[in-house]
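A quick write-up on the structure given underneath.
The values are calculated or read from the model by the stated rules, or taken from the named source; none is laboratory data. It should be emphasised that the depicted structure is a prediction, and the values quoted were computed from it without experimental measurement. Counting neighbours? That spans all protein chains shown, and the Cβs are built from the backbone with ideal geometry, glycine included.
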Amino acid sequence: MRYALIGPNGAGKTTLINLITGMVAPDSGEILLGDENVTALQPYQRVKRGLVRTFQINTLFPHLSALESVTLAVLERDGHAHNWWRALSAFSAASDEAAAILTSLNLQRHLDKETRELAYGQQRLLEIALALATRPRVLLLDEPAAGVPKGESAELFAAVEGLSSELTVLFIEHDMEVVFRFATRILVMVGGRILVEGAPQEIARDERVREVYLGAGHAA
């Protein structure tokens, strides 16, 4: 399932993701991952359980290649990151998995490029690849196309759309063309609360949503 979380600036969208992933502690309520209550868990513990996010601003290693970066993430997941000093060829299984993840995001032609040489849209995909290396059950993308030229954002979301259907994705995005094209469900947040949730066609017809966010241009 592909969920889009939309709403006016200041609605609380990023704050909600921060709460879900443990970056901010809730004043009340619970965070459930499946049947497990993860409210008291630290962010890294939630990652181990399959709850992973990306951020609005990239924090990548500019001098590592795309393949090296994702291989390190795979090694960290498997508890081998302390062997960083060994040659990459010593970790063929991890390297093969990293290459497969990058290929799934259409980055197969850029495996050996340093991160700093990648176009910004490709860097955003690399960040998603790092998240996928943790083998998540739920992937939260906080404005993954922020700063990406419009021509590249559709390519980015097309790659996200092609991910396994077993992976639940929730993304924040302000480009309504992208939202209505790629989301299977849309949640509209206003004033720190979910105003409405529904299929794209339902959201486009909802008078309340058009009034507070979409405007008349999205009338059915």
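For this structure, a couple of remarks:
- Residue in the stretch 54-72 that is under 24 Å from Phe182 (Cα atoms) and either of a type in the set (Phe, Trp, Tyr) or part of a helix (DSSP H, G or I) (or both) present: yes
- So Gly121, is it in contact with a Gly (Cβ under 9 Å, 6 or more places away or on another chain) and surrounded by fewer than 17 Cβ atoms within 10 Å (Cβ to Cβ): no
- Residue satisfying all of: in the stretch 1-33; among the charged types (D, E, K, R) and touching a residue at least 12 places away in the same chain (Cβ under 8 Å); nearest to Tyr213 (Cα to Cα) among these: Lys13
- Qualifying position, being of a type outside the set (Lys, Arg), part of a loop (DSSP other than H, G, I, E, B) and crowded, with 18+ Cβ neighbours inside 10 Å, among Ala40, Ala11, Ala25: Ala11
- When we screen Glu143, Glu97 for residues that are among the acidic types (Asp, Glu) and either at pLDDT 95 or above or more than 13 Å from the chain's Cα centre (by Cα) (or both), the only hit is Glu97.
- Looking across Gly162, Gly192, Gly198, Gly151, one residue alone is touching an Asp or Glu at 6+ places or on another chain (Cβ under 9 Å) and either closer than 18 Å to Ala11 by Cβ or surrounded by fewer than 19 Cβ atoms within 10 Å (Cβ to Cβ) (or both). It is Gly198.
- Among residues of the stretch 66-82 being in contact with a Leu (Cβ under 7 Å, 6 or more places away or on another chain) and not acidic (Asp, Glu), the one that is modelled with the lowest pLDDT is Ala81.
- Yes/no for Ile203 being under 12 Å from the mean Cα position of the chain (by Cα), at pLDDT 90 or above and surrounded by 21 or more Cβ atoms within 10 Å (Cβ to Cβ): no
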